[in-house]
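Chemist: Before I ask anything, here is the structure I am working with.
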Amino acid sequence: SAIHRVTQPPKDQRGHNRCGVFYFCLPNDEVVINTLLDESPVLRKAGVQMAHALEDAPTSKEWANARIKITGMKAKFSKEEDEGNMAVEKVGKVITRWYR
C-alpha cells in the first residue's frame, strides 16, 4: 500500500453521496516490484521510466516487511532532504519523493 491523500469533491458534487472502490493486492513473496514497461505499450509511449534498477527492485516480501517496520515511526521522512515542497521517504531500498 502507499500513502495517499483524500480530497474534497468539486463544489458542485459535495451534496451527493459518494462510493469508493478499494482494491488491495499483495503478490507472492518472491514477485519483484517494478514498472511493467515490457507489458505496457501505453507506459512506454508516455515515456515512463523503470521505478528501480533491476538489481535494486524489491520483492513483495521485502516491500511489505519494510513498510511494516516503519509503521508508526515519526522519522520515516528524511529531515535533511526535506526541501519545503518535497519530502523524501525511504522504505527498505526504495526512496520515494513526495511533493506537496
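Every number here is computed from the coordinates shown, using simple stated rules; none is lab data. As the structure is a prediction and not an experimental result, all values here were calculated from the model. We place every Cβ from the backbone using ideal geometry, glycine too, and count neighbours over all the protein chains shown.
Chemist: Quick query: amide H of Thr35 versus all other amide H atoms, modeled in the peptide plane; which residues come in under 5 Å with a sequence gap of 5 or more or a different chain?
Modeler: Those lying under 5 Å, H to H, from Thr35 are Ala51, His52.
Chemist: Using the alpha-carbon centroid of each, what span in Å lies between the range 5-24 and the range 34-59?
Modeler: Centre-to-centre (Cα) distance: 30 Å.
Chemist: Okay, moving on. Subtracting the Cα-Cα distance from 0.36 nm times the residue separation, let me have the gained length for Val21 to Ala51 in nm, one decimal.
Modeler: 8.2 nm is the gain from fully extending Val21 to Ala51.
Chemist: Put a dot 7 Å past each Cα toward the Cβ at Asn34 and Lys11; how far apart are the dots in nm?
Modeler: 4.8
Chemist: Let me ask something else. On a full-extension model of 0.36 nm per residue, what is the gain between Leu43 and Ile68, subtracting their alpha-carbon distance, rounded to one decimal in nm?
Modeler: Using 0.36 nm per residue and subtracting the Cα-Cα distance, I get 6.0 nm.
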